[in-house]
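Student: Let me begin by handing over the structure; questions about it come next.
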Amino acid sequence: MSTPQQIDLNRIPAHIAIIMDGNGRWAREQGHERSFGHENGVATVRRITEAASELGVKYLTLYTFSTENWNRPQAEVDILMHLIVTSIEQQTPDLIKNNVRLTAIGDMDRLPAFARERLFKCFDDTAACTGLVLCLALSYSARWEITRACRELAAEAARGTLNPADIDDAAVTARLATADMPDPDLLIRTAGDLRISNFLLWQIAYSELYFTPKYWPEFTADDLREAIISYQRRERRFGKTGDQIKNENRTKLDDNA
């Protein structure tokens with residue numbers, strides 16, 4: 001059976017997050033500079049965004065540039081900033097055509113002024129789109145995000161507008177950069193490394209994890225479908241037993257009958 005036929009379109013993960021890793025290593029193995037890998041990685045972003053939209057994914061969050069990436073050689077950082085902005089500008093007409101809304105999470109104040117201004121224009125241009133939400137994690141790290149949320153909570157408590165006893169999971173979630181999105185159902189990481197690298201640490205508490213040895217420039221729409229098939233084969237228990245989940249599913253079926 002072909003990959004598309006194996007997918008249950010009624011159980012597509014609503015939110016997929018991807019750690020796009022391996023651009024530089026792929027380029028070196030091809031005998032090119034790292035920038036060649038980043039350029040080909042952009043083409044993969046286009047392919048995967050289109051495939052996710054066609055499958056009915058509601059949110060796609062891509063780890064585009066971490067706060068730790070600022071520590072890379074300045075020449076590579078400059079290339080990445082220009083590549084990110086230019087590629088997004090070039091893809092914006094297609095995003096609008098495909099009803100994809102572009103947004104971002106991260107410390108936008110650290111971006112160069114030229115990048116921030118041009119990116120925000122692209123966000124505005126796609127603001128009316130109602131299909132897939134493509135979220136770029138730019139100048140982002142989970143520890144930065146959680147620390148910022150803690151500061152907001154502390155400031156509210158100090159002002160007397162928040163009772164510390166009322167701080168719960170929902171209060172923290174509401175102050176994260178992803179407050180208007182559901183938690184990821186599926187987290188994919190390419191290039192073989194088996195770690196999370198400071199990405200959406202709060203949000204992926206119960207996400208299904210999928211690792212592939214393929215470098216990001218090699219990752220195809222079929223690879224995305226394979227990851228979704230793997231996700232659909234798993235039983236998501238959220239701390240409950242398998243029997244509890246089965247009974248709940250039977251109840252839902254009876255209610256819908």
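Read-outs: derived from the displayed coordinates by stated rules, not from any lab. None of the values given here were measured: they were computed from a predicted structure. Don't worry about glycine lacking a Cβ; one is built from the backbone with ideal geometry, like all the others, and counts go over all protein chains shown.
Student: Between Lys97 and Arg72, what length comes free when the chain is fully extended (0.36 nm per residue of separation minus the Cα-Cα distance, one decimal in nm)?
Tutor: 5.5 nm
Student: How high is the relative contact order of the chain, given as a whole-number percent (alpha carbon pairs under 8 Å, six or more residues apart)?
Tutor: The normalised contact order for the chain reaches 27 percent.
Student: Counting Lys and Arg as +1 and Asp and Glu as -1, what is the net charge of the other residues whose Cβ lies under 13 Å from the Cβ of Tyr215?
Tutor: 0
Student: Please report how far the C-alpha centroid of region 195-228 lies from that of region 28-88, rounded to the nearest whole angstrom.
Tutor: Between the Cα centre of region 195-228 and that of region 28-88, the gap is 15 Å.
Student: Follow-up. Taking the chain as a Gaussian network, Cα atoms linked when under 10 Å apart, which of Thr220, Thr147, Thr178 shows the biggest mean-square fluctuation?
Tutor: Top of the fluctuation ranking is Thr147.
Student: In addition: Relative to the Cα centre, what is the charge dipole magnitude of region 164-242, using +1 at the beta carbon of each Lys and Arg, -1 at the beta carbon of each Asp and Glu, and rounding to the nearest 20 debye?
Tutor: Once rounded to the nearest 20, the dipole reads 260 debye.
Student: Hey, another quick one. Picking from Ala155, Gln90, Leu201, whose Cα lies most toward the positive end of the charge dipole for the chain (charges on Cβ: Lys, Arg +1; Asp, Glu -1)?
Tutor: Positive-end residue among those listed: Leu201.
Student: Considering the Cα trace of the chain, what is its radius of gyration and what is Dmax, both in angstroms?
Tutor: 19.5, 61
Student: Roughly how many debye, to the nearest 20, is the charge dipole of the chain about its Cα centre, given +1 on each Lys and Arg Cβ, -1 on each Asp and Glu Cβ, and no other charges?
Tutor: Charge dipole, the chain, about its Cα centre: 240 debye, nearest 20.
Student: Moving to a separate point now. What are the ³J(HN,Hα) couplings of region 40-46, residue after residue, when phi is run through the Karplus curve with 6.51, -1.76, 1.60 and θ = phi - 60°? Round to Hz, x for glycine and proline.
Tutor: Residue by residue, region 40-46 yields 6, x, 4, 4, 5, 4, 4 Hz.
Student: Continuing with the same structure: Rounded to two decimals, what is the ratio between the C-alpha radius of gyration of region 101-195 and 2.2 N^0.38 Å?
Tutor: Rg over 2.2 N^0.38 Å, computed on Cα atoms: 1.30.
Student: Continuing with this model, one more query. Please grab the % of Cα pairs in region 151-203 that end up more than 15 Å from each other.
Tutor: 58
Student: Classify region 21-129 as rounded, prolate or oblate, taking a ≥ b ≥ c as the square roots of the eigenvalues of its Cα gyration tensor: rounded when a/c is under 1.5, otherwise prolate if a/b is larger than b/c and oblate if not.
Tutor: Verdict is oblate for region 21-129.
Student: At a Förster distance of 25 Å, what's the computed FRET efficiency of Leu9 paired with Phe238, Cβ-Cβ distance as r, to 0.05?
Tutor: That gives a FRET efficiency of 0.65.
Student: Then there's this: Under a Cβ-only charge scheme (Lys and Arg +1, Asp and Glu -1), can you give me the dipole magnitude of region 83-146 about the Cα centre, in debye to the nearest 20?
Tutor: Using only the charged Cβ atoms, the result is roughly 60 debye.
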